[in-house]
Amino acid sequence: MILSKIQTLLNAEFISGQDANNLDIKFAKASDLMSDVLAFSKPYSGRNTILITGLTNKQVVRTCEIAGVAVIIFVRGKYPTEETVKLAEQCDIPLLATKMKMFEACGILYTNGVHSASPNDDE
């Protein structure tokens, strides 16, 4: 699913990285624990995974950079700090924000064909 469709489904707004709206996203991970993002991510080639989180500090960007996550979507109406936005731009990781709760966002994406990025889940 292309990122612009995800933006529409989640009623999200781009904070940065609008030029990546044609990224093909296949997988999603949802967590506020960055250790879980690192521990339970599949190794993928390419930029096809998003992280759904309420964590807004720069560590979320660093974690996504290490885990190969392409896009960060902030939930519950949260917005990242200016420092986080700048780091995401340097790392070429688009940021979006939605007022939806994490559970709602995950459900919408799952019912629209986005798979789990957890290594123990069947696709």
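The values are calculated or read from the model by the stated rules, or taken from the named source; none is laboratory data. None of these values were measured; they are calculated from a predicted model. Here the Cβ is made from the backbone with ideal geometry for all residues, glycine too, and neighbour counts use every protein chain on show.
Assorted remarks:
- Qualifying residue in the stretch 51-68 (condition: basic (K, R), out of contact with any His (no Cβ under 9 Å at 6 or more places or on another chain) and at pLDDT below 90): no
- Cβ separations smaller than 7 Å between residues 6+ apart or across chains give the following pairs from the stretch 98-116 residues that are under 21 Å from D36 (Cβ atoms) and touching a residue at least 60 places away in the same chain (Cβ under 8 Å) to residues that are acidic (D, E) and surrounded by fewer than 18 Cβ atoms within 10 Å (Cβ to Cβ): H115/E123.
- Pairs with Cβ under 9 Å, 6+ apart, first in the stretch 1-30 and in a loop (DSSP other than H, G, I, E, B), second of a type in the set (F, W, Y): A12/F74; N21/F14; K26/Y44
- Residue among T53, T8 that is among the hydroxyl-bearing types (S, T, Y), within 21 Å of I108 (Cβ to Cβ) and within 14 Å of the chain's Cα centre (by Cα): T53
- Matching residues in the stretch 14-32 - criterion: being in contact with a helix residue (DSSP H, G or I) (Cβ under 9 Å, 6 or more places away or on another chain) and not small (G, A, S): F14, I15, N21, N22, L23, D24, I25, K29, D32
- Check on K78, in contact with a Ser or Thr (Cβ under 8 Å, 6 or more places away or on another chain), more than 17 Å from A97 (Cα to Cα) and among the basic types (K, R): no
- Residue in the stretch 76-86 that is of a type outside the set (A, V, I, L, M, F, W, C), assigned to a helix (DSSP H, G or I) and crowded, with 18+ Cβ neighbours inside 10 Å present: yes
- Any chance T56 is among the polar types (S, T, N, Q), in a loop (DSSP other than H, G, I, E, B) and within 18 Å of E13 (Cβ to Cβ): yes
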